[in-house]
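All remarks here apply to the structure that follows.
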Amino acid sequence: MSLASPRVVNIKDLRRLARARLPDAVFDYLDGAADDEVTLKDSEKAFKEVLFKPRFAVATPACDLGVTVLGHKLDVPFMLGPIGYSRLMHPRGELAASAAAGRHGTAYILSTMSGHRIEDVKAQSSGPTFYQLYLAGGRGAAEGAIARAKAAGYKALFVTIDTPVAGNRERDVRNGMKELMGANPFKKLPYVPNILMHPRWLAAFIADSMTRPFPNIVVPGSGPLAAIDVAAALESAQVSWTDLKWIREAWDGPIVMKGVMTVDDAKRSVDHGAEGIVVSTHAGRQLDGCAASLRVLPGILEAVGDKTEVIFDGGIRRGADVVRAMAMGAKAVLLGRGYAYGMAAAGDAGIERAIEIFKADIVRTLKLLGCTSMSQLNSSYIAMRPGFRVD
Ligand SMILES: Cc1cc2nc3c(=O)[nH]c(=O)nc-3n(C[C@H](O)[C@H](O)[C@H](O)COP(=O)(O)O)c2cc1C
């Protein structure tokens, strides 16, 4: 399958290919969000309210896209964010994402909900690899994963704080995600016809031994957690600020709090010694009705931007979106669906195409703005429409 232009010009094209390859249950798991998906829609809309202010007639022969995050020099201002169940979208899932991040000189953040082992994912990349932590499975399981991540050479821990309970993702309910993950074959039957209509995905899924337990959530005494038990496991092991004490003892590298949406939580993260935060709505998949993360970014940067590294994610579908968030003052951004659509469409080749598209877009946007590097960007290159900001 060709992923070249003009078949694949932008990330929307990769989304279209992902939709064609995946059964509805898997596509909607990737594409969907919580409740009425208000926050998801606002995440993409907010970028349109940040307007560029270019300086023309500036020579920009080459552009330096490099940034430094948590002491690591990255060749591009984006990292590949944690996407749970990546292996369900494509058998290579997390392995492909890690390899792509390494090839492009950036970091990959592996989700706790990975289908591949911590060690195998790390082995795919010589670049920095970070681990995203949920406490699903309890403290024992988390300590086991932290020890393995440390031994494998992961360099930072991203503690996700916005998931005390799984969001209400109605597309997943309608598509029978729970039934499909469960053991009862009769309950799966209504959803089988749609799966059969996606033979390329199905053949790869069967060859990959179908649904398997999570290899990095190993509950002491009972082994790897089954996918069907994840929602309950998340709810029974909610992270709180007091957990940071033992997490800090178990992990000696930098800690980044992921899912910060208020100045309050940003300041609390700083008070707890977090080396970084990710301003994020979890792709609109948790509390629907939050503002787009881009709208709260300016206030959070003003409050803690000089005290901790502020990373941004949510709704990035173009390189120009990366440039907007960086001009606001983000240290770097995470791509979520922006690369996952490519992964779901075509594994390694799909992620590669997504990254190519983002890089070309960023370079073009910088040149059009009259900038030669990420470090030159600042808020004088953008203006926000009235009413944009939420404090
Ligand atoms: C299918 C899917 C699975 C995700 N899984 C996780 C996860 O396991 N842990 C986590 O911290 N964030 C997870 N996220 C959130 C992403 O890391 C990131 O914050 C978000 O996707 C950014 O928004 P965007 O997809 O609009 O770019 C997930 C997002 C999606 C779309």
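The values are calculated or read from the model by the stated rules, or taken from the named source; none is laboratory data. All values reported here derive from a predicted model rather than from experimental measurement. FYI the Cβ positions are ideal-geometry reconstructions off the backbone, even for glycines, and counts take in every protein chain you see. Side chains are part of the model used for accessible areas, which takes the heavy atoms of the whole protein and leaves out ligands, DNA and RNA. Shrake-Rupley method; radii C 1.70, N 1.55, O 1.52, S 1.80 Å.
For the reader, a short list of remarks on this structure follows.
- Scan the stretch 32-45 for residues that are over 13 Å from G167 (Cα atoms) and open to solvent by less than 10 Å² (accessible area, probe 1.4 Å) and the total you get is 1.
- Hey, K48 free of Cβ contacts under 8 Å to residues at least 60 places away in the same chain and either surrounded by fewer than 16 Cβ atoms within 10 Å (Cβ to Cβ) or out of contact with any helix residue (DSSP H, G or I) (no Cβ under 6 Å at 6 or more places or on another chain) (or both) or not: yes
- Test: residue in the stretch 310-317 that is touching a residue at least 40 places away in the same chain (Cβ under 8 Å), charged (D, E, K, R), assigned to a loop (DSSP other than H, G, I, E, B) and more than 21 Å from H72 (Cβ to Cβ): yes
- Subset of the stretch 270-308 [among the charged types (D, E, K, R), within 15 Å of the ligand (Cβ to nearest atom) and part of a loop (DSSP other than H, G, I, E, B)]: R285, D288
- Complete set of residues in the stretch 147-167 that are more than 15 Å from the ligand (Cβ to nearest atom), open to solvent by 60 Å² or more (accessible area, probe 1.4 Å) and assigned to a loop (DSSP other than H, G, I, E, B): K155
- Looking only at the stretch 107-137, residues that are assigned to a loop (DSSP other than H, G, I, E, B), of a type outside the set (S, T, N, Q) and either more than 11 Å from A156 (Cβ to Cβ) or open to solvent by 10 Å² or more (accessible area, probe 1.4 Å) (or both) come to 10 in all.
- Which numbered condition I195 misses (of (1) in contact (Cβ under 8 Å) with a residue 12 or more places away in the chain; (2) over 25 Å from R92 (Cβ atoms); (3) open to solvent by less than 60 Å² (accessible area, probe 1.4 Å)): (2)
- Tally of residues being farther than 12 Å from R324 by Cβ and in contact with a strand residue (DSSP E or B) (Cβ under 7 Å, 6 or more places away or on another chain) across the stretch 353-383: 4
- Being within 12 Å of the ligand (Cβ to nearest atom), in contact with a Pro (Cβ under 9 Å, 6 or more places away or on another chain), at pLDDT 95 or above and open to solvent by less than 30 Å² (accessible area, probe 1.4 Å) is true of M79.
- In the stretch 329-340, residue nearest to K73 (Cα to Cα) [restricted to those that are open to solvent by 10 Å² or more (accessible area, probe 1.4 Å) and within 9 Å of the ligand (Cβ to nearest atom)]: G336
- K53 modelled with pLDDT of 95 or more, touching a strand residue (DSSP E or B) at 6+ places or on another chain (Cβ under 7 Å) and not hydrophobic (A, V, I, L, M, F, W, C): yes
- Test: residue in the stretch 351-372 that is part of a strand (DSSP E or B), among the hydroxyl-bearing types (S, T, Y) and surrounded by fewer than 22 Cβ atoms within 10 Å (Cβ to Cβ): no
- Index of the failed condition, A99 passing every other in (1) touching a residue at least 40 places away in the same chain (Cβ under 8 Å); (2) more than 28 Å from L377 (Cα to Cα); (3) among the small types (G, A, S); (4) within 16 Å of the ligand (Cβ to nearest atom): (4)
- Looking across K245, K258, K267, K188, one residue alone is within 16 Å of E143 (Cβ to Cβ) and either away from the ligand (no atom under 16 Å from the Cβ) or not in a helix (DSSP H, G or I) (or both). It is K245.
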